[in-house]
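These notes concern the structure reproduced below.
A short reminder: the numbers here are calculations on the coordinates, not readings from a lab. Since we're looking at a predicted model, the values are computed, not measured. A quick note on method: Cβ atoms are made from the backbone with ideal geometry, for glycine too, and the neighbour counts reach across all protein chains shown.
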Amino acid sequence: MKKKAVFIDRDGTINIDVGYPSSYDVIDIYPYSFEAIKKIKDAGLLAVIITNQSGIGRGIIEEKNLHDIHAKLNEEFKRHGVSFDGIYYCPHYVFSKMEKFKKKCACRKPNPGMGKRAAEDLKIDTSLSYMIGDKVEDLLFGININAAPILVLTGYGQESKKKLKDMGIQPAFVANNLLEAAEWIIEQEKATPAS
Ligand SMILES: [Mg+2]
Ligand SMILES: [Zn+2]
């Protein structure tokens, strides 16, 4: 049977968005994020990070440093008794000076590429899943993979709320932060009879 997942944006959703962080030293995890991920996992859903990291294509951060950030991020969550089931990133940038990353790719959110890959790797039914993020592209990504799109008001959330309204896009839920989003998801899951 396929699993349900909560896809989660990184910067501005799990940690403060400082813009192209190039080392773990500048990653500031919101204090409630640990509890939020724990609730998601305890409810039997997978927690998967989906993050655009064009800083790589832009030459601001090296790919190995991003791997280091993600390893340390996962370690920090493990210290709180919880871990992510996957971390997917898009390194591409259309105007990159590096051939490897110069690409109009299918994985940069709002494109569904990372969601499709995660779904295949982790046997996820995206139509029974959720996407939490602070930007319009996060919500569009959720819609593109047929998952329930949830907006958080941290990061760029307030601006995004206005933009979404102008675009006529209605999030499945607007949460003050990741913990509130996780709690809402748990409520939805309780209301849904197990299939
Ligand atoms: Mg973000
Ligand atoms: Zn990409």
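Just a few scattered comments:
- Rounded to whole numbers, the Karplus 3J(HN,Hα) couplings from phi for segment 165-173 are 5, 4, 7, x, 9, 9, x, 5, 7 Hz, using 6.51 cos²θ - 1.76 cosθ + 1.60 with θ = phi - 60°, and x at Gly and Pro.
- Placing +1 on the Cβ of every Lys and Arg and -1 on the Cβ of every Asp and Glu, with no other charges, gives segment 81-186 a dipole of roughly 640 debye about its Cα centre.
- Projecting the Cα atoms of 176, 77, 142 onto the charge dipole of the chain (Cβ charges, centred on the Cα centre) puts 142 farthest toward the positive pole.
- Gyration tensor verdict on segment 95-195 (Cα atoms; rounded if a/c is under 1.5, prolate if a/b is larger than b/c, oblate otherwise): oblate
- Gyration tensor (alpha-carbon) shape descriptor, segment 49-131, a/c threshold 1.5: oblate
- Across 27, 150, 14, mean-square fluctuation computed from a Gaussian network of the chain (C-alpha pairs under 10 Å connected) peaks at 27.
- In the chain, taking the dipole from charged Cβ atoms about the Cα centre, the farthest positive-side position among 110, 26, 46 is held by 110.
- nm² value of the averaged projected area, convex hull over the Cα atoms of the chain: 10.6 nm²
- Residue order, fewest to most beta carbons within 10 Å, for 1, 114, 131: 1, 114, 131
- Note on 94, 48, 82: ascending count of other Cβ atoms within 10 Å places them as 94, 82, 48, the fewest first.
- Under 5 Å from the amide H of residue 12 lie the amide H atoms of 17, each residue being 5 or more positions distant or on a separate chain, with H modelled from the backbone and absent for Pro and chain starts.
- Whole-Hz Karplus values for segment 175-190 come out as 10, 5, 7, 4, 5, 4, 5, 4, 5, 5, 4, 4, 4, 4, 5, 5 Hz, taken residue by residue from phi with 6.51 cos²θ - 1.76 cosθ + 1.60 and θ = phi - 60°; glycine and proline positions read x.
- Between amide H atoms placed 1.01 Å from N, distances below 5 Å from residue 3 occur with 124, 125, all of them 5 or more places distant or on a separate chain.
- Exposure proxy shown here: for 83, 54, 23, the number of other Cβ atoms within 10 Å sets the order, fewest to most, as 23, 83, 54.
- Annotation for residue 28 and residue 121: the two label points, set 7 Å from Cα along the Cα-Cβ direction, are 2.9 nm apart.
- Dipole magnitude of segment 1-118, debye to nearest 20 (Cβ charges: Lys/Arg +1, Asp/Glu -1, about Cα centre): 720 debye
- Residues whose placed amide H lies under 5 Å from that of residue 131, excluding near-sequence neighbours: 7, 148, 150
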